[in-house]
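The values are calculated or read from the model by the stated rules, or taken from the named source; none is laboratory data. Small disclaimer: the values here were computed from a predicted structure and weren't measured. Quick reminder, even Gly has a Cβ in these numbers, built from the backbone with ideal geometry, and neighbours come from all protein chains shown.
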Amino acid sequence: MATRNFVYVPGAVNGSTAYDFSHPGLYREEYSQTLEKPKAVPKVRTKAVPRTRQSVAPTAVIGAVIAAVALVCVMMANAQLMEVSVKSAALESQLADCTVQQAKLMVQYESAFNLSEIEQYATTTLGMQKANTDQIVYLDTSPQDKAVIMQDAGADSMFNRVADFISSIGGLIK
């Protein structure tokens, strides 16, 4: 196998453009200087930096707890709202039923009190008669004037007022 001596020059390229590091004499001087192997640079070791431990901030934990408590409170409020809504719907249907029953009872009541039938029953069965003018008696039902002396409001102690206030609140809660 015959070897040819090539001299690399800038210009046309035949074959590969890769440098042949095993034969630096094939290149001109300006190229041969760049083909020299660079000297190894010693590696400088740095001190190992200890990793810091990651931890959760206390405020994040407190915030998560507060958010969880708020979520539970909202869920409980929604459950109570649903319960009240169901009770309200049941009471509304009961009210509608009572209204219908009231209308039926009112019709029965009005049909039961026919004045002409009552008068006939009173005169025939009970033997009643119509009153004469000399038998009419007028009653005076006008109210009499009356005065009541109240206790002095300044005599109440502070303890009695607080007790009355608490008892009135207790009555409102029931």
**Asked** Inside region 107-142, can you point out the residues that are surrounded by 10 or more Cβ atoms within 10 Å (Cβ to Cβ) and over 60 Å from the mean Cα position of the chain (by Cα)?
**Response** Glu117, Ile118, Glu119, Gln120, Tyr121, Ala122, Thr123, Met128
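Residue-wise test of (1) at negative phi; (2) within 55 Å of the chain's Cα centre (by Cα); (3) assigned to a loop (DSSP other than H, G, I, E, B); (4) at pLDDT below 80.
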position: Arg53; (1), (2), (3), (4): yes, yes, yes, yes
position: Val56; (1), (2), (3), (4): yes, yes, yes, no
position: Thr59; (1), (2), (3), (4): yes, yes, no, no
position: Ala70; (1), (2), (3), (4): yes, yes, no, no
position: Asp97; (1), (2), (3), (4): yes, yes, no, no
position: Gln101; (1), (2), (3), (4): yes, yes, no, no
position: Leu105; (1), (2), (3), (4): yes, yes, no, no
position: Gln144; (1), (2), (3), (4): yes, no, yes, yes
**Request:** Filter region 107-130 down to residues that are among the aromatic types (Phe, Trp, Tyr) and part of a loop (DSSP other than H, G, I, E, B), then give me how many there are.
**Result:** 1
**Answer from Met158, Met128, Met76 - the residue that is touching a helix residue (DSSP H, G or I) at 6+ places or on another chain (Cβ under 7 Å) and free of Cβ contacts under 8 Å to residues at least 40 places away in the same chain** = Met128
**Prompt:** Scanning for something at pLDDT below 95, in a loop (DSSP other than H, G, I, E, B) and in contact with a Lys or Arg (Cβ under 9 Å, 6 or more places away or on another chain), does region 12-31 turn up at least one residue?
**Reply:** yes
